[in-house]
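Bear in mind these aren't lab numbers, they're just calculated from the coordinates by the rules spelled out. Computed from a prediction, not measured in an experiment: that's the story for all the values here. Please note: Cβ atoms are built from the backbone with ideal geometry, for glycine as well, and neighbour counts cover all protein chains shown.
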Amino acid sequence: MVLNWIWIAFFAIAFLMAAGRTIFYGDMAVWSEIMNSSFSQAAYAFEISLGLTGVLTLWLGIMKIGEKGGVIEFFGRLISPFFSRLFPGIPKGHPAMGAIFMNISANMLGLDNAATPMGLRAMQEMQSLNKQKDTATDAMIMFLVLNSSGLCLIPISIMMYRAQGGAANPTDIFIPILIATAIATIVGLTALCIKQRIRMDRVIWSWLCGIAAVVGIAVWLLSRLPADKMEVYSTFAANVILFSVIISFILAGIRKHINVYDTFIEGAKDGFKTAVMIIPYLVAILVGIGMFRASGALDAFTGWVESGIGALGLDTRWVGALPTMLMKPLSGSGSCAMMLDVMKENGADAFVSRVAAAVRGSTDTTFYILAVYFGSVGVMKTRYAAGYALLADITGAVAAVIVAYFFFG
């Protein structure tokens, strides 16, 4: 229901903004810009789906090998004490547990191309337990909020963009991003546990402390590396782990005496079907976002916020990162473009550029995740998923600004 009204708001605000620009400023070109944006965004949605087809085919095939080889079940048992509390609706030992673990692990390593197929597999497994196929379950919502909070130990792409932008130390944003995304994850998880009446017992707190310890160790280890080597070693570690996962799945399949190749093909066939299924959901979300942005509503809101903060006598240096902050839940490529624009206008080492980078890495792209994951299993009624995912987004963005002031202000 929340997502429905947000989607309607994109079009309504875009129309009102365009009408205002025409009536008060005589701007008639805005209508063409909005409609051109709708066409380009629709085409872009198809391109995304087409680009995902190959990746989905690969990883759903690999996941099928892991499933029949018993690896997914093994991971499910490994994290069962923690996940059985977060996902009480999923039976112990169910394949969904292993797929959820693999997805979250890939996200933490910054491996988006691997995380998405694993997440789609997790949604399909959870949908098999769903008695109301068009309505999101509590487990699905928990999974989506964990994805939206975007806990990532290695923000490789952002460090790469800073290096390309001429930053003196491209990795100086690493620790602020890690702190902000950890805060967003813990707040989103805790709030959802309260909503779903999940008791925060000793096991959950132990795992949360363990996650905090992993974040702390990662910060300590990577901060000790030379600045010019951090990105190299981070990329190396992530890809070695990913390839090791593939090899372990294949070896497990051989150990179980299954035909690994045929099993891969069996799982890979689902990749094309899934990619086609998500096209309408991506078109709906991306067209709404594109028209909202083309109308000038985003720029107008940023200007109002800056004026209001300035009138209160508060520091406005961070406001230049607000477009990145507002675009982040809506579009990954859009928020990336906003961040790069800030870096281009102000320099990669400017305070506002560092804030934009911290915001960009603090959470994941909420509405893209909702559209792709719910769309892949035909869930139309998302209940309170959008609201709690946005809570994680807002928390991450605010934390990113505060942490940026602490480190760079």
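Taking the C-alpha atoms only, the angle from helix 138-149 to the longest principal axis of the chain is near 50 degrees. Farthest towards the positive end of the charge dipole of the range 25-145, among the residues His94, Ala45, Met63, is the Cα of His94, using unit charges on the Cβ of Lys, Arg, Asp and Glu. For the chain, leaving out every one of the trypsin sites (Lys or Arg not before Pro) that falls in a DSSP loop and has at most 13 other Cβ atoms within 10 Å, the longest unbroken run is 225-409. Here the Debye sum runs over all C-alpha atoms of the range 2-408 as equal scatterers in vacuum, and log10 of I(q)/I(0) at q = 0.07, 0.14 Å⁻¹ comes out as -0.33, -1.35. The mean sequence distance of close C-alpha pairs (under 8 Å, at least 6 residues apart), as a share of the length of the range 2-408, puts its relative contact order at 29 percent.
Once the Cα atoms are used to define both axes, helix 202-223 deviates from the longest principal axis of the chain by about 70 degrees. Normalised by 2.2 N^0.38 Å, with N the number of residues, the alpha-carbon radius of gyration of the range 2-124 equals 1.58.
Under 16 Å from a label point set 7 Å out along the Cα-to-Cβ vector of His257, the amide N atoms of the range 63-86 belong to 69-70.
Give the long-range amide H neighbours of Thr135: residues separated by 5 or more places, or on another chain, with amide H under 5 Å away, using H modelled in the peptide plane at 1.01 Å from N. HN-HN under 5 Å from Thr135: Met380, Lys381. Here's the list of aspartates and glutamates a cross-link from Lys195 could span, going by alpha-carbon distance under 20 Å and ignoring same-chain residues fewer than 8 apart: Asp138, Asp393. Cross-linked pairs Lys328/Lys381; Lys64/Lys273; Lys68/Lys133; Lys64/Lys256; Lys68/Lys131: Cα-Cα separations exceed 18 Å for Lys328/Lys381; Lys68/Lys133; Lys68/Lys131.
Each residue of the range 164-170 was assigned a 3J(HN,Hα) from its phi angle through the Karplus curve 6.51 cos²θ - 1.76 cosθ + 1.60 (θ = phi - 60°); the sequence is 5, x, x, 5, 5, 9, x Hz, with glycine and proline shown as x. To the nearest 0.05, what FRET efficiency results for Ala9 and Ile247 with a Förster distance of 45 Å applied to their C-beta separation? Using R0 = 45 Å, I get an efficiency of 0.40. Taking Cα centre as origin and charging only the Cβ of basic (Lys, Arg, +1) and acidic (Asp, Glu, -1) residues, the dipole magnitude of the range 2-408 rounds to 1220 debye. With a cut-off of 14 Å between beta carbons, the residues surrounding Ile34 carry a summed charge of -1, where Lys and Arg count +1 and Asp and Glu -1. When shorter helices are ignored and each DSSP H run of at least 4 residues is given -39500 (n - 2.57), the per-residue value for the chain at 222 nm works out to -26000 deg cm²/dmol. With K and R counted +1 and D and E -1, the other residues having a Cβ less than 11 Å from that of Tyr405 yield a net charge of +1.
Which of Ile265, Ile309, Ile90 moves the most in a Gaussian network model of the chain with Cα springs under 10 Å? Most flexible of the set in this elastic network: Ile309.
For the chain, the longest principal axis of the Cα atoms and the long axis of helix 174-195 meet at an angle of about 70 degrees.
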